[in-house]
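Novice: First the structure, then my questions, so here it is.
The values are calculated or read from the model by the stated rules, or taken from the named source; none is laboratory data. From a predicted model like this one, the values you see are computed outputs, not experimental measurements. Every residue, glycine among them, receives a Cβ derived from its backbone with ideal geometry; neighbour counts consider all protein chains shown. Accessible surface areas use protein heavy atoms only, side chains included; no ligands, DNA or RNA. Shrake-Rupley method; radii C 1.70, N 1.55, O 1.52, S 1.80 Å.
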Amino acid sequence: MHAEVIAVGTEMLLGEITDTNSQVISEGLADLGINVFYHNLVGDNESRMAEVIRLAASRSDLVVISGGLGPTPDDLTKQVVARYLGRDLIVDEKAMTKIKDFFARRERDMTPNNKVQAMYIDGAVSLQNEVGLAVGNYYHDEQGTDFLLLPGLPHEMKSMFETKAKPLLAQQYKGQQVLNSRLLRFFGIGESNLVTKLSDLIEKQKNPTIAPYAKENEVTLRLTASGSSDVDDQELLDELEAKIQKRVGQYLYGHGENNSLPSVVVNKLRKRGLTLSASESLTGGSFQAAITAIPGASNVFPGGFVTYAAEQKEQLLHIDPKLIEQYGVVSEETAGAMAEQTRQIIKTDYAVSFTGAAGPDPLEGQSAGTVWIGLAGKDMPTRAKLYHFPYDRQRVRSSAVMTGFGLLNDVLG
């Protein structure tokens, strides 16, 4: 069983937005044991869409299309697929009622073009949209290619795919080979170094496979096992992960798509009943924003400071002006004092601080990308560490933030 994924939208061809749907769909299909052999991207043009659909149907058992289900004139996916199948579009009355209620609640007139959002291909299964208005479609053809049509908005697509489409596909295609994936997340090691240390496993391993991905400030490995059952797959994944951990386990901080380094640190603090505060100069509050974006962060993070100017470090953090005058803002001494004073003022178990030259210009004779990160804790000596991030201003800031989380993760163990 193999599939093709098509993303529809001229705005993606123009580079205005990025196609994230195809990745989510491919990963979900892999979980069901359905191999994806092709990805395609086509604009909102009827003839080109028809051409891409014909090609996909000629070489794939299942064609999954995201986008083009809305009410505007360039939303043509259902119409083009219906024409290819020689089928009419019919109205899903439940969806139609939802659309009418939507406009009624807002005291707005429903225009006729909105009706198309409630239409689906005759003979298909209409997939209800729990977070939007346009229905999806699943058309099964015993003698030909199956089609799955999903909304283009990522949150609508993901909701429909996970709650409606995947269970339906699992039932329809049961008996396929079972694929299971596991995502390992690494910090503090570059992709080339990680790949070098695991080169023999990556090159020789056939089942499970290992796929490295470099992301901003971290590297991930996706392990994918293929077997007759979930249990068989998990045993294969466990065995391979043990080999990987033996070589580079000190850099492994978490598993899964949503298990980011900030969330790992917050969860460790919460489980141990510990608290954290922060003071930021060059990062301008980005570290604290990353913490507070995580649900439950209020249990571990009472607050912090953003002290860009030297005067604010003196006034808010009570740092001795003579220390800053002697050593400068971009220094080990100032970073350490920022962390220690923050911890004392807010009365937390740990505190982290950031000071440096984000760029593009040097600061106090220090080149852009020079960063000191301080760390203070109740049962440890206060310390600060020097980093040089050879990137643009935004990447210097984001790299500093993630490195701060990395230091905390190491301390928490």
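Novice: Does THR72 count as touching a residue at least 12 places away in the same chain (Cβ under 8 Å), open to solvent by 20 Å² or more (accessible area, probe 1.4 Å) and hydroxyl-bearing (Ser, Thr, Tyr)?
Specialist: yes
Novice: Among the strands (runs of 3 or more DSSP E) confined wholly to region 175-249, which include 1 or more residues that are touching a residue at least 40 places away in the same chain (Cβ under 8 Å), small (Gly, Ala, Ser) and over 30 Å from TYR387 (Cβ atoms)? So that I can check it myself, show each step before the final result.
Specialist: On the way: elements: 178-186, 209-215, 218-227.
Filter on region 175-249 gives 178-186, 218-227.
Novice: Is it the case that region 279-294 has a residue that's touching a strand residue (DSSP E or B) at 6+ places or on another chain (Cβ under 8 Å), modelled with pLDDT under 95 and surrounded by fewer than 18 Cβ atoms within 10 Å (Cβ to Cβ)?
Specialist: For region 279-294, residues touching a strand residue (DSSP E or B) at 6+ places or on another chain (Cβ under 8 Å), modelled with pLDDT under 95 and surrounded by fewer than 18 Cβ atoms within 10 Å (Cβ to Cβ): present.
Novice: A follow-up question, please. Assuming VAL80 fulfils every condition listed in (1) modelled with pLDDT of 95 or more; (2) touching a Ser or Thr at 6+ places or on another chain (Cβ under 7 Å) apart from one, which condition is it?
Specialist: Going through the list (1) modelled with pLDDT of 95 or more; (2) touching a Ser or Thr at 6+ places or on another chain (Cβ under 7 Å), VAL80 breaks only (2).
Novice: While we're on this one: Would you mind finding the one in ALA358, ALA376 that is open to solvent by less than 30 Å² (accessible area, probe 1.4 Å), assigned to a loop (DSSP other than H, G, I, E, B) and under 30 Å from LEU274 (Cβ atoms)?
Specialist: Numbers: ALA376 fails: assigned to a loop (DSSP other than H, G, I, E, B).
That would be ALA358, the only listed residue that is open to solvent by less than 30 Å² (accessible area, probe 1.4 Å), assigned to a loop (DSSP other than H, G, I, E, B) and under 30 Å from LEU274 (Cβ atoms).
Listed here are the residues, each with its yes/no results for (1) over 20 Å from TYR173 (Cβ atoms); (2) surrounded by fewer than 18 Cβ atoms within 10 Å (Cβ to Cβ).
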site: SER26; (1), (2): no, yes
site: GLU46; (1), (2): yes, yes
site: MET49; (1), (2): yes, no
site: ARG54; (1), (2): yes, yes
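Novice: So, restricting to helices (runs of 4 or more DSSP H) that lie completely within region 276-352, which ones have at least 3 residues that are among the polar types (S, T, N, Q)?
Specialist: Details: elements: 286-292, 310-317, 321-327, 332-346.
Because the criterion is at least 3 residues that are among the polar types (S, T, N, Q), the helices (runs of 4 or more DSSP H) in region 276-352 that meet it are 286-292, 332-346.
Novice: Out of ASP410, ASP379, which single residue is modelled with pLDDT under 95 and farther than 21 Å from GLY188 by Cβ?
Specialist: Details: ASP410 fails: farther than 21 Å from GLY188 by Cβ.
Every option except ASP379 fails the conditions.
Novice: Specify which of the listed residues (VAL36, VAL42) is farther than 22 Å from THR224 by Cβ and surrounded by 14 or more Cβ atoms within 10 Å (Cβ to Cβ).
Specialist: Working: VAL36 fails: farther than 22 Å from THR224 by Cβ.
Being farther than 22 Å from THR224 by Cβ and surrounded by 14 or more Cβ atoms within 10 Å (Cβ to Cβ) holds for just one of VAL36, VAL42, which is VAL42.
Novice: Also, quick follow-up: Within region 124-141, can you find the residues that are open to solvent by less than 20 Å² (accessible area, probe 1.4 Å) and either over 24 Å from ASP19 (Cα atoms) or in a loop (DSSP other than H, G, I, E, B) (or both)?
Specialist: Listed by number, the residues that qualify are ALA124, ASN129, GLY132, ALA134, VAL135.
For every residue, the table says whether it meets (1) at pLDDT 95 or above; (2) open to solvent by 40 Å² or more (accessible area, probe 1.4 Å); (3) farther than 30 Å from ALA290 by Cβ.
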{"site": "LEU183", "(1), (2), (3)": "no, no, no"}
{"site": "PHE187", "(1), (2), (3)": "no, yes, no"}
{"site": "LEU201", "(1), (2), (3)": "no, no, yes"}
{"site": "LYS204", "(1), (2), (3)": "no, yes, yes"}
{"site": "ILE210", "(1), (2), (3)": "no, no, no"}
{"site": "LYS215", "(1), (2), (3)": "no, yes, no"}
{"site": "THR220", "(1), (2), (3)": "no, no, no"}
{"site": "THR224", "(1), (2), (3)": "no, no, no"}
{"site": "SER228", "(1), (2), (3)": "no, yes, yes"}
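Novice: While we're here: Could you please find all residues in region 69-123 being aliphatic (A, V, I, L, M) and assigned to a helix (DSSP H, G or I)? Break it down into steps so the answer makes sense when it comes.
Specialist: First, pick out the residues of region 69-123 that are aliphatic (A, V, I, L, M): 69, 76, 80-82, 85, 89-91, 95-96, 99, 104, 110, 116, 118-119, 121.
If the condition is that a residue be aliphatic (A, V, I, L, M) and assigned to a helix (DSSP H, G or I), then VAL80, VAL81, ALA82, LEU85, ALA95, MET96, ILE99, ALA104, VAL116, ALA118 are the ones that fit.
Novice: Tell me, please, whether a residue that is assigned to a helix (DSSP H, G or I), at pLDDT below 95 and open to solvent by 60 Å² or more (accessible area, probe 1.4 Å) can be found in region 142-150.
Specialist: Checked region 142-150: no residue is assigned to a helix (DSSP H, G or I), at pLDDT below 95 and open to solvent by 60 Å² or more (accessible area, probe 1.4 Å).
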